[in-house]
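Everything below concerns the one structure shown next.
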Amino acid sequence: MSLSVATKPATLMAALWPAGARPESGALRALALAAIGSLLLTISAKVQVPFWPVPMTMQTFAVVVIGMAYGPRLATATVLLYLVEGAAGLPVFAGTPERGIGLAYMAGPTGGYLAGFFLAAVLCGWLAERGWDRRLVPALFAMLLGHAVIFACGLGWLGAQIGMAKAIAVGFTPFLLGTVVKIALAAAVLWSAWLGLEKRRGV
């Protein structure tokens, strides 16, 4: 028998790695998960998957999956840690250090997308706490909303620099097909993870 949403852990990570009763163990858990998440974001920014019409990174996929798996508070800490690492000059972003590092990079054309990562992770985490990641169709909508936030922020910033028509042409249209694939994959990953967890627990 399946547990109701109300009696389940709020997020997938809470089910996989519950917080301990002692405050210090909870803090260490949060620190470890934030560090792991920021590392995954870095790796996802660096790895390019051959795709048409442009190579696809998995960074937006990682952002929304981390958001839903971690929940809003831990996802906030994770993405903020990642952004702080980048602001401090670590080459954690896509195209770094080739295109510059630190605050100069963050103020460049892709700065809006970075802001969108933060908002999307918080939104997806908030939706996950309400059970959107446990059924396929709501998970698809959650991932769609997360990606929409990223593109809205990214195109708004880029459009202010080069004009909205050109921003859409270079910052949205080439990535549309890849984004559809990542939305479907992200939703399937979260939904399948919950199904596997329930099957393993026999509930």
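Quick look at the numbers
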read-out	value
Condition met for A75 (touching a residue at least 12 places away in the same chain (Cβ under 8 Å), within 20 Å of V180 (Cα to Cα) and assigned to a helix (DSSP H, G or I))	no
Residue within the range 28-39 that is over 25 Å from L119 (Cβ atoms) and either modelled with pLDDT of 85 or more or surrounded by 14 or more Cβ atoms within 10 Å (Cβ to Cβ) (or both) present	yes
Index of the failed condition, A193 passing every other in (1) exposed (fewer than 15 other Cβ atoms within 10 Å of the Cβ); (2) farther than 17 Å from W52 by Cβ	(1)
Some residue of the range 8-20 being among the basic types (K, R), loosely packed, with under 13 Cβ neighbours inside 10 Å and modelled with pLDDT under 90	no
Cβ-Cβ under 7 Å pairs, at least 6 apart or on other chains, the range 185-203 side over 18 Å from T60 (Cα atoms), far side modelled with pLDDT of 90 or more and in a helix (DSSP H, G or I)	A193/L12; W194/L12; L197/A15
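The values are calculated or read from the model by the stated rules, or taken from the named source; none is laboratory data. Fair warning: this is a prediction, and the values are worked out from it, not measured in the lab. All Cβ positions, even for glycine, are placed from backbone atoms using ideal geometry, and neighbour counts span all protein chains on display.
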